[in-house]
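The values are calculated or read from the model by the stated rules, or taken from the named source; none is laboratory data. Just so it is clear, the structure is predicted and the values come from calculations on it, not from any experiment. In this analysis, Cβ positions are derived from the backbone assuming ideal geometry, glycine residues included, and neighbour counts consider all displayed protein chains. Ligands, DNA and RNA are stripped out before the accessible areas are found, and what is left, the full protein with its side chains, is counted by its heavy atoms. Shrake-Rupley method; radii C 1.70, N 1.55, O 1.52, S 1.80 Å.
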Amino acid sequence: VFVFGLLTGSFLNECISRIPQGESVVWSALHCRCCGARLKLSDIVPVLSYTFFRTRSRCCKERIPVRYLLVDLTAAITFLLLFMKYRMTIDFVVYAYLMSVLIVVAYIDIDHRIIPDELVAAGLVGGIVLFLYNLFKTMDIYGDSKWWNPLLGAVSSSGILFLIALVSSLIYKSDDAMGMGDIKIFVPIGLFLGWRICLLALILSIIAGGFCGVFLIASGKKRKRDTIPFGPFIVFSTFIAVMWGWDIIRWYITRL
């Protein structure tokens, strides 16, 4: 599973590099991002190529961004943790797919401050397939057998975030308070998680983003009107919700 995660991470790296540039992920040949030379198989072995060539491209000797290594390891560790929780079940396949899409979301949002519609569409395709599957066999993470549960998750989470964005734009008199990509990506997340766990993911992402924003302002690295990419917080919080969502909810209820 770890090795499969590394291989998936190599593909996700191509997605992160190509999607913002409008390039095809499937049909375009693999090429060096620095000089454009076609890559060999030895150039794209996850982790090993990065370390063997001493962090530099084989063809032009330009330094390879550490992001390539981080994405490989992020995907591998994510897959391994999901497997440890769900074993080789449909749940593992479903959430490995979701997290693969979201890993690309996180890194593109960090680099470009956007969440491309292609990634929202990829999430929606998987979410719709899961919704149809749920009509015959209920996913445990939903917490009930109501067929409309994932639909409520998609509408409620994205709707709440839209209201937050609307209020923020009125307060700060700016359309940059929150991007529409952050709102749209919660639609497929809601389909995958159902309304309870999706709302938990939303709450966790707001808390995490808020704490990070306060820290950056207090440390002088950001001003009050500066923005930070919200996508990584969404992705991290969604992973926490997938792994330990019901444990967190039960813990909170026992403390009431």
Ranked from the most accessible area to the least, with a 1.4 Å probe and all protein chains present, what is the order of Lys137, Lys222?
Lys137, Lys222
Taking the simple approach of a point 7 Å from Cα along Cα-to-Cβ for both Arg67 and Ile171, what is their distance in nm?
3.0
Run the count for region 87-244, please: Lys pairs, Cα-Cα under 29 angstrom, 8 or more apart or on different chains.
10
With a 1.4 Å probe and all protein chains left in place, how much accessible area per residue does region 122-231 have, in Å²?
55
Leaving out ligands, DNA and RNA, what percent of the accessible area of region 131-256 is carbon and sulfur, probe 1.4 Å?
70
Karplus 3J(HN,Hα) series, Hz, for region 243-256 with 6.51 cos²θ - 1.76 cosθ + 1.60 (x for Gly, Pro):
7, 9, x, 5, 4, 5, 5, 5, 4, 5, 5, 5, 8, 6
Can you give the convex hull volume per residue for the Cα atoms of region 119-256, as a whole number of Å³?
117
Those aspartates and glutamates that a straight Cα-Cα span of less than 16 Å connects to Lys85, excepting residues fewer than 8 apart in one chain
Asp140, Asp247
Exposure rank, largest accessible area first [Trp244, Trp147, Trp195; 1.4 Å]:
Trp147, Trp244, Trp195
